[in-house]
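A.B. asks: Quick one: the structure is below, and I'll ask about it shortly.
The values are calculated or read from the model by the stated rules, or taken from the named source; none is laboratory data. Just so it is clear, the structure is predicted and the values come from calculations on it, not from any experiment. All Cβ positions, glycine included, derive from the backbone under ideal geometry; neighbour counts span all protein chains shown. For the accessible areas, the whole protein counts, side chains as well, though only heavy atoms, and no ligand, DNA or RNA atoms are used. Shrake-Rupley method; radii C 1.70, N 1.55, O 1.52, S 1.80 Å.
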Amino acid sequence: MTAQETRSRIVALYKSRQRKNRYTQGANRGYFFGKPEGMNPGYSDCSSSVRAVYKRVLGVDIGSNTDAQVRSKRGTVVDTTTGLYPNEANLRPGDTLYFKGNNSHTEGVGHVELYIGNGQCAGHGSGTGPKVHNLRNYCRRRRRSKRYYKAIRWIPDDDAIPTTGQQGTVVITGGSVWIRSGPGKKTAKLGVVHKGDVLNRTGADTDGWRAVNYEGQAAFVSARYSAIKQ
């Protein structure tokens, strides 16, 4: 399947359980597709619901809760903000949208919704769900301590970043250097590399930042602490 076909399948499968599941954070949350499967009701919460469709379509586990999903190296951060709304130009259907709300979790993330396209998201936050929401209205309602934070993509584009160093490599010249999701210090931190480490270069420099492949993800490292090797 193409990336677009896979994303469409993720969204359709998720919406097929719309308002058919009871909310729970207990053991039954594993029965997203019904108990028994295909029957009503099913059970889920926000993270188990998106986890279930990704396991069914891709055969991969993106993480058992929002904390694990944010820490996972399988996905790529495609949008992050200190404002209220995601930049929808950065999103594809099937991306997962993370919201603040749990200070015990990584980066304070406490809730996840699935972006389903056309200005909408869907998730299971309480009651009978999942439910479809207008994205901007939903973000506005959570604008204070539970605001939108960032988006992760689990399905790479068909023209995904090269991983074999077609554009040369980048060697780290600084001591310990942050790898970031975008070209700037305000973007999300993906990890740390050290002096002498070598990364595959994936594109031209942007405003003093070098595009690299970091553990399968599109990432950036400061040109100040790195050098290009052909």
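A.B. asks: Just the residues that are among the hydroxyl-bearing types (Ser, Thr, Tyr) and either open to solvent by less than 10 Å² (accessible area, probe 1.4 Å) or under 12 Å from the mean Cα position of the chain (by Cα) (or both), please, taken from the range 97-118. Working first, answer last.
C.D. replies: Narrowing the range 97-118 to residues among the hydroxyl-bearing types (Ser, Thr, Tyr): 98, 104, 106, 115.
Once the filter is applied, which keeps residues that are among the hydroxyl-bearing types (Ser, Thr, Tyr) and either open to solvent by less than 10 Å² (accessible area, probe 1.4 Å) or under 12 Å from the mean Cα position of the chain (by Cα) (or both), the range 97-118 yields TYR98, TYR115.
A.B. asks: Within the range 158-176, can one find any residue that is open to solvent by less than 40 Å² (accessible area, probe 1.4 Å) and of a type in the set (D, E, K, R)?
C.D. replies: no
A.B. asks: Checking ALA151 against (1) part of a strand (DSSP E or B); (2) modelled with pLDDT of 90 or more; (3) surrounded by fewer than 17 Cβ atoms within 10 Å (Cβ to Cβ); (4) under 23 Å from the mean Cα position of the chain (by Cα): exactly one of these is not met. Which one?
C.D. replies: That leaves (3) as the condition not met.
A.B. asks: Also: Looking only at the range 76-118, count how many residues are in contact with an Asp or Glu (Cβ under 9 Å, 6 or more places away or on another chain), in a loop (DSSP other than H, G, I, E, B), within 24 Å of PHE220 (Cβ to Cβ) and not hydrophobic (A, V, I, L, M, F, W, C).
C.D. replies: 4
A.B. asks: Also, quick follow-up: Of the conditions (1) of a type in the set (S, T, N, Q); (2) open to solvent by 60 Å² or more (accessible area, probe 1.4 Å); (3) within 14 Å of the chain's Cα centre (by Cα), SER47 clears all except one; give me its number.
C.D. replies: So the condition that SER47 fails would be (2).
A.B. asks: Which of the residues belonging to the range 184-210 are without any contact (Cβ under 8 Å) to a residue 24 or more places away in the chain, part of a strand (DSSP E or B) and more than 22 Å from THR82 (Cα to Cα)?
C.D. replies: Correct list: VAL192, HIS194.
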